[in-house]
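The values are calculated or read from the model by the stated rules, or taken from the named source; none is laboratory data. Only a predicted model underlies this, so the values are computations on that prediction, with no experimental measurement involved. Here Cβ is always computed from backbone atoms with ideal geometry, including for glycine, and neighbour counts include all displayed protein chains.
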């Protein structure tokens, strides 16, 4: 067979090639049709059905937070690991694509030795150099799509790694925002706690003077002092929580605690968006969530691997060729010495025992079914997390409204009792009870403001804002 005939046969085989195994089709989760409309918990006036904002943390209008998020996205160690995983997956994809091209290698070797007397050619020396140079080329005719399916699987793995990196970025941004919010809420709670202690200090001094005047008893003084000490004891715990949030913020932004900018600790107002939060709908959520995209891409990769395993049932055809020369020196090799060349196909086929190949197909099919189940579970969790976050946020706002009304009423009651006490129309027990109620209402309301900050951020995290593709 001539070289022209061999090339013609290879071209015909390539044109007739087909990829075995199932062709991938995007899955339709059993829960997806019910999740494409508005969320069940999106009826609160605190949210809107507008599309989720990209860079959602900018809705807080805090330049310090914007800078911290930018630092986290560039320096966070988890993000760096995710980016490295993308590079690894892309390298595997390049390797799979390279299998579509002819593979070649050049070999060369030289040795000096002594030949036996009986093997010596007439006129040749027994001791001499032996030099061999050769070029080997091989090309796999992807008749049954093994290489194409391998590329398809590697592409799915690469895209899944990219989605995983987006999921890490969602986590890092939300955790950074949460740490900043916890530090700000801690500062706000500290201000409230210290203000309450200052008010109670005034009441302690007033009660001491009244006791000296015979208008209050030692029991009255002990009770108000106890309340003051209880409220003062809350301050160290709040300070510890705030410092922990700042330390966490430093780690998230890739810094040791000592290197965190002091401006990151300056905010003493709870982080909150007062406008309705845009949440979109279920269909947009499933397209945007990185974990859903990663699960879908892994399902695509595992489906392609069924084809890779199925191709092992059929012959693998490789076209190969080699050219080389062997001589007693470099001059003989490159100067017209003995030249050799080979050209022809190579067929490999595991037959008749194909049970190992069929076992690999069954394993790939089982893994694909597991990937489909993981995809369905990821969709369900995405819907659950979003609905839970929406419901929790709405209920937190309702609770704060009630707590705010209770705080206002307790403050009004405290003012009335103070006025009555100044006129001598109220006893110490009534006054002490009013002050205690007001102090507790202030503290509970400050804690609820911190809770609302956390639940807002949890909602944005469930929505995966900013990463649509």
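If you go through the stretch 120-127 one residue at a time, do you hit one that is closer than 30 Å to residue 297 by Cα and either in contact with a helix residue (DSSP H, G or I) (Cβ under 7 Å, 6 or more places away or on another chain) or surrounded by 12 or more Cβ atoms within 10 Å (Cβ to Cβ) (or both)?
no
Do the conditions hold for residue 198, that is, is it modelled with pLDDT under 90, within 46 Å of the chain's Cα centre (by Cα) and assigned to a helix (DSSP H, G or I)?
Against the criterion (modelled with pLDDT under 90, within 46 Å of the chain's Cα centre (by Cα) and assigned to a helix (DSSP H, G or I)), residue 198 qualifies.
In the stretch 410-428, what residues are surrounded by fewer than 18 Cβ atoms within 10 Å (Cβ to Cβ) and touching a residue at least 24 places away in the same chain (Cβ under 8 Å)?
Matches in the stretch 410-428: 411, 413.
(1) surrounded by fewer than 15 Cβ atoms within 10 Å (Cβ to Cβ); (2) touching a strand residue (DSSP E or B) at 6+ places or on another chain (Cβ under 7 Å); (3) outside any strand (DSSP E or B): which one isn't true of residue 390, the others all being true?
Residue 390 satisfies every listed condition except (1).
Suppose we filter the stretch 228-287 for residues that are exposed (fewer than 13 other Cβ atoms within 10 Å of the Cβ), free of Cβ contacts under 8 Å to residues at least 24 places away in the same chain and in a helix (DSSP H, G or I); how many remain?
Selection size over the stretch 228-287: 9.
List pairs: first in the stretch 53-69 and on the phi > 0 side of the Ramachandran plot and surrounded by fewer than 14 Cβ atoms within 10 Å (Cβ to Cβ), second at pLDDT below 95 and outside any helix (DSSP H, G or I), Cβ under 9 Å, 6+ apart or cross-chain?
55/465; 55/466; 61/273
Looking at residue 112 and the list (1) touching a helix residue (DSSP H, G or I) at 6+ places or on another chain (Cβ under 9 Å); (2) free of Cβ contacts under 8 Å to residues at least 60 places away in the same chain; (3) not in a helix (DSSP H, G or I), which single condition is not satisfied?
Answer for residue 112: the failing condition is (1).
Quick one: would you say residue 380 is crowded, with 17+ Cβ neighbours inside 10 Å and either without any contact (Cβ under 8 Å) to a residue 12 or more places away in the chain or assigned to a helix (DSSP H, G or I) (or both)?
no
Assuming residue 467 fulfils every condition listed in (1) assigned to a helix (DSSP H, G or I); (2) surrounded by 18 or more Cβ atoms within 10 Å (Cβ to Cβ); (3) modelled with pLDDT under 85 apart from one, which condition is it?
Just one mismatch for residue 467, condition (1).
Hey, residue 213 hits all of (1) under 46 Å from the mean Cα position of the chain (by Cα); (2) over 22 Å from residue 451 (Cβ atoms); (3) modelled with pLDDT under 90 but one; which does it fall short on?
(1)
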